[in-house]
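Asker: Before I ask anything, let me first share the structure, which is written out below as structure tokens.
The values are calculated or read from the model by the stated rules, or taken from the named source; none is laboratory data. Predicted model, so just to flag it, every value in this text is computed and none were measured. Quick reminder, even Gly has a Cβ in these numbers, built from the backbone with ideal geometry, and neighbours come from all protein chains shown. Keep in mind that these areas ignore ligands, DNA and RNA; they rest on the heavy atoms of the full protein, side chains included. Shrake-Rupley method; radii C 1.70, N 1.55, O 1.52, S 1.80 Å.
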Amino acid sequence: MTDPAVPALRSWLFVPGDSERKQARALSGAADALILDLEDSVDPTQLPAARARVAGLLKSAAPARGGPALWVRVNSLASGVLPLDLAAVCAGAMPAGVMLPKVSAPEEVIEAARQIAALEARHGIAAGATGLLVLTTETPRGLLNLPHYPQALDASPSTLARLAALTWGSEDLGAALGTLAKRTAQGALTFTFQLARTQCLLAAAALGIPAVDGINADFKDGAALERDLLEARRDGFYGKLAIHPDQVAAINAAFTPTPGEVEHARRVIAAFAASPGAGVASLAGQMIDRPHLIQAQRVLSRAQGLQGTA
């Protein structure tokens, strides 16, 4: 897996598209990205007003970007209103990216990318400038089809180039399955949701893009969030979705390489630089090989990317 194109996006905070108060608070917060929501957090009767509000926010923020990246969660392709969402919110200024929910097959990602590309062309925006964050496991079909993403998206280079990350969802999947609980009494995900999380991680790695961990819905349980973050960082996720501003600081801290990790990465890279052409090197009495070098390069690149956005 190559280093992701968006290394600094650790925290992705959902904000209702129709709430001026919550948007104002989020804009002054520390989240790397805001996901202005037109889907689950907006009543369908309020959707036209939410579209207008999000479009106005994108337009007003465009000249003075410097805070969080502004993304928009649109409604799914299956909803029938995706073209209306995109046309409305992109009328004034394109967002940094679009989150596509309830995806059941990679062909839906390709179609959404086609619609975004048409809007970019209409508004004179560089092709591919608007990213895509795909929610991959909110439907049973979506989870079953994740192994098909690499082949399908490799065949659509323009779509793949637009993909910023894959993420996974448990709430809608749980509702579709009739699940009574998504976690054990000890707080661990049950097998089905572990499978969804792992399939998302593997598909993202196969595509060479970041995987973003799903939400922890209990924003008052700091210990549960810390457990999620330790596991996500350990397993290879690059960031996490947040549903409340109070979750952002912990997420940012978890996905920022520590000084010790950065120093170790530099030592690994220096060890290989001292032995050009070698497949292995020695560090602190231990043999290290190319997987150690790749991981070290990734840690250092991520640290440098975060420093550049501070």
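Asker: Find all pairs meeting these conditions: Cβ atoms under 9 angstrom apart; at least six residues apart or on different chains; first residue within the range 80-98 and touching a residue at least 60 places away in the same chain (Cβ under 8 Å); second residue surrounded by fewer than 22 Cβ atoms within 10 Å (Cβ to Cβ) and of a type in the set (Gly, Ala, Ser).
Answerer: From residues that are touching a residue at least 60 places away in the same chain (Cβ under 8 Å), the pairs are Ala96/Ala69; Ala96/Ala129; Gly97/Ala69.
Asker: Only one of these is open to solvent by less than 60 Å² (accessible area, probe 1.4 Å) and among the small types (Gly, Ala, Ser): Gly66, Gly56. Name it. Let's see the steps before the verdict.
Answerer: Numbers: Gly66 fails: open to solvent by less than 60 Å² (accessible area, probe 1.4 Å).
On inspection, the qualifying residue turns out to be Gly56.
Asker: Kindly indicate whether Arg197 is charged (D, E, K, R) and out of contact with any helix residue (DSSP H, G or I) (no Cβ under 9 Å at 6 or more places or on another chain). Show your work before the answer.
Answerer: On the way: charged (D, E, K, R): yes; out of contact with any helix residue (DSSP H, G or I) (no Cβ under 9 Å at 6 or more places or on another chain): no.
Criteria not met by Arg197.
Asker: Based on this model, can you work out whether Ser275 counts as more than 21 Å from Trp71 (Cβ to Cβ) and either touching a strand residue (DSSP E or B) at 6+ places or on another chain (Cβ under 7 Å) or acidic (Asp, Glu) (or both)?
Answerer: It is true that Ser275 is more than 21 Å from Trp71 (Cβ to Cβ) and either touching a strand residue (DSSP E or B) at 6+ places or on another chain (Cβ under 7 Å) or acidic (Asp, Glu) (or both).
Asker: When the residues of the range 218-243 are filtered to those that are in contact (Cβ under 8 Å) with a residue 60 or more places away in the chain and open to solvent by 10 Å² or more (accessible area, probe 1.4 Å), which remaining residue is nearest to Leu143 (Cα to Cα)?
Answerer: Per the criteria, the residue is Tyr238.
Asker: Would you say Ala273 is open to solvent by 70 Å² or more (accessible area, probe 1.4 Å) and either modelled with pLDDT under 85 or in contact with a Phe, Trp or Tyr (Cβ under 6 Å, 6 or more places away or on another chain) (or both)?
Answerer: Working: open to solvent by 70 Å² or more (accessible area, probe 1.4 Å): yes; either modelled with pLDDT under 85 or in contact with a Phe, Trp or Tyr (Cβ under 6 Å, 6 or more places away or on another chain) (or both): no.
The answer is no for Ala273.
Asker: Now a separate question. Within the range 182-217, can you find the residues that are under 16 Å from Ser11 (Cα atoms), more than 14 Å from the chain's Cα centre (by Cα) and surrounded by 15 or more Cβ atoms within 10 Å (Cβ to Cβ)?
Answerer: Within the range 182-217, just Asn216 meets the criteria.
Asker: Right, next: Hey, among the residues in the range 276-310 that are open to solvent by 80 Å² or more (accessible area, probe 1.4 Å), within 25 Å of Pro210 (Cβ to Cβ) and not small (Gly, Ala, Ser), which one's farthest from the chain's Cα centre (by Cα)?
Answerer: Arg290
Asker: Residues being hydroxyl-bearing (Ser, Thr, Tyr) and more than 14 Å from the chain's Cα centre (by Cα): count how many of those fall in the range 236-266.
Answerer: Just the residues of the range 236-266 that are hydroxyl-bearing (Ser, Thr, Tyr), to begin with: 238, 256, 258.
Now restrict to residues that are more than 14 Å from the chain's Cα centre (by Cα): 256, 258.
Selection size over the range 236-266: 2.
Asker: Further question: Suppose we filter Val103, Val89 for residues that are within 22 Å of Leu36 (Cα to Cα), in contact with a helix residue (DSSP H, G or I) (Cβ under 6 Å, 6 or more places away or on another chain) and modelled with pLDDT of 95 or more; which single one remains? Please lay out each step first, then the result.
Answerer: Values: Val89 fails: modelled with pLDDT of 95 or more.
That would be Val103, the only listed residue that is within 22 Å of Leu36 (Cα to Cα), in contact with a helix residue (DSSP H, G or I) (Cβ under 6 Å, 6 or more places away or on another chain) and modelled with pLDDT of 95 or more.
This table checks each residue for (1) within 19 Å of the chain's Cα centre (by Cα); (2) of a type outside the set (Lys, Arg).
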residue: Ala117; (1), (2): no, yes
residue: Glu120; (1), (2): no, yes
residue: Thr130; (1), (2): yes, yes
residue: Leu133; (1), (2): yes, yes
residue: Thr137; (1), (2): yes, yes
residue: Arg141; (1), (2): no, no
residue: Pro147; (1), (2): yes, yes
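Asker: Okay, moving on. Every residue in the range 161-171 that is farther than 15 Å from Ala242 by Cα, outside any strand (DSSP E or B) and open to solvent by less than 40 Å² (accessible area, probe 1.4 Å), please.
Answerer: Residue satisfying the conditions is Arg162 alone.
Asker: So, one more: Only one of Phe219, Phe237 is modelled with pLDDT under 90, in a loop (DSSP other than H, G, I, E, B) and under 30 Å from Gly67 (Cβ atoms); which? Step through it out loud before you land on a result.
Answerer: On the way: Phe237 fails: modelled with pLDDT under 90.
Just a single option satisfies the conditions, and that option is Phe219.
Asker: What are the residues in the range 240-260 that are modelled with pLDDT of 95 or more, β-branched (Val, Ile, Thr) and assigned to a loop (DSSP other than H, G, I, E, B), if any?
Answerer: Ile243
Asker: Restricting to the range 12-40, give me the number of residues that are part of a loop (DSSP other than H, G, I, E, B) and buried (at least 20 other Cβ atoms within 10 Å of the Cβ).
Answerer: Taking the range 12-40 and keeping what is part of a loop (DSSP other than H, G, I, E, B), we get 17-19, 28-32, 38-40.
Filter once more, so that each one left must be buried (at least 20 other Cβ atoms within 10 Å of the Cβ): 17-18, 31-32, 38-39.
Total meeting the criteria: 6.
Asker: Is there any pair linking a residue in the range 13-35 that is more than 19 Å from Ala253 (Cβ to Cβ) and free of Cβ contacts under 8 Å to residues at least 12 places away in the same chain to one that is part of a helix (DSSP H, G or I) and open to solvent by 10 Å² or more (accessible area, probe 1.4 Å), with Cβ under 8 Å and at least six apart or on different chains, and which?
Answerer: Final answer for the pair search is none.
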